[in-house]
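Down below is the structure, laid out as structure tokens.
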Amino acid sequence: MVDSSGARGASLLLVEDDPDIAEMLVEVLSEFYTVDHVPDAEQGLEKSLNRHFDVMVVDRRLPAMSGLELIAAVRRAQITTPILMLTALGTLEDRVSGLDGGANDYLVKPFEFEELLARLRALTRGYAAEGRRRYVGDWVYTPDTMTIYSPFGTRISLTATENQLLELLSSSPEHVFSREEILQSVFKPDDSPGTVDTYVHYLRRKTSKDLVETVRAQGYRLGDLP
């Protein structure tokens, strides 16, 4: 595995199992990107779920899990990072299946590095990421879009107040927020502590009763979901 974390520029995740190709790609791409290389899809999925990348380059033929399966898993997790698929399979059917599978672009081997770099520039040009992601167990929460996704991929929209409450709780998952702290941060000064309880109930009803934990005589904190 090659890591070029000291390079400057946008972050790029490279998933390529061929060590010779990976070494060449890292050398070229590191001039323009902070490159993180992993040799298989399992590690690629773990990286993409736990770190934000500006762009991904994924080989189609990978051991165990294929590049197509990796991309499908990334998209199920509501990650919209642009992905360029590299492959030796260049038929029309192969290209269509790659694009339909969630890739944003498709480059057939062998290729020129100038074309690869141009395609990456095109992918990232004007691209707006979905914003911050926070994880509550298997739930994926994106505060900037006021949305939380269930472990089954269901998209749940939050009201502005529900979003403010969940953003506060998720900003410090281990901290127990008293009702007074939540009132000061989320609600109006003349609201009562009962308002906090009401909105905690709303959040639980929309998501899971375990999403927000009640700490007796203290307040609330983010639930410790499995």
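Tabulated data for the structure shown
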item	result
Close pairs from region 74-101: first at positive phi, partner at pLDDT 80 or above and of a type outside the set (Ser, Thr, Tyr), Cβ under 8 Å, at least 6 apart	GLN78/VAL140; GLN78/ARG155
Residue selected from region 209-226 under the condition closer than 9 Å to GLY137 by Cβ and surrounded by fewer than 17 Cβ atoms within 10 Å (Cβ to Cβ), by the criterion modelled with the highest pLDDT	ASP210
Within region 1-100, helices (runs of 4 or more DSSP H) holding 1 or more residues that are modelled with pLDDT under 90	41-50, 67-76, 92-100
Number of the exception - ALA103 against (1) among the small types (Gly, Ala, Ser); (2) assigned by TED's automatic domain parsing to the domain that holds SER66; (3) part of a helix (DSSP H, G or I)	(3)
Matching residues, region 180-208, being in contact with a helix residue (DSSP H, G or I) (Cβ under 8 Å, 6 or more places away or on another chain), closer than 19 Å to TYR141 by Cβ and either without any contact (Cβ under 8 Å) to a residue 24 or more places away in the chain or assigned to a loop (DSSP other than H, G, I, E, B) (or both)	SER185
Flag for THR81 being within 29 Å of THR154 (Cβ to Cβ), touching a helix residue (DSSP H, G or I) at 6+ places or on another chain (Cβ under 9 Å) and of a type in the set (Val, Ile, Thr)	yes
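Every residue, every condition in (1) assigned by TED's automatic domain parsing to the domain that holds THR147; (2) in contact with a Ser or Thr (Cβ under 6 Å, 6 or more places away or on another chain); (3) hydroxyl-bearing (Ser, Thr, Tyr); (4) surrounded by 14 or more Cβ atoms within 10 Å (Cβ to Cβ), yes or no:
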residue	(1), (2), (3), (4)
SER48	no, no, yes, yes
GLY67	no, no, no, yes
ALA73	no, no, no, yes
THR80	no, no, yes, yes
ILE83	no, no, no, yes
SER97	no, no, yes, yes
PHE113	no, no, no, no
ARG119	no, no, no, yes
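The values are calculated or read from the model by the stated rules, or taken from the named source; none is laboratory data. Remember, it's a predicted structure, so these values are computed and weren't measured experimentally. As a convention, Cβ positions derive from the backbone with ideal geometry for all residues, glycine included, and neighbour counts pool all protein chains shown.
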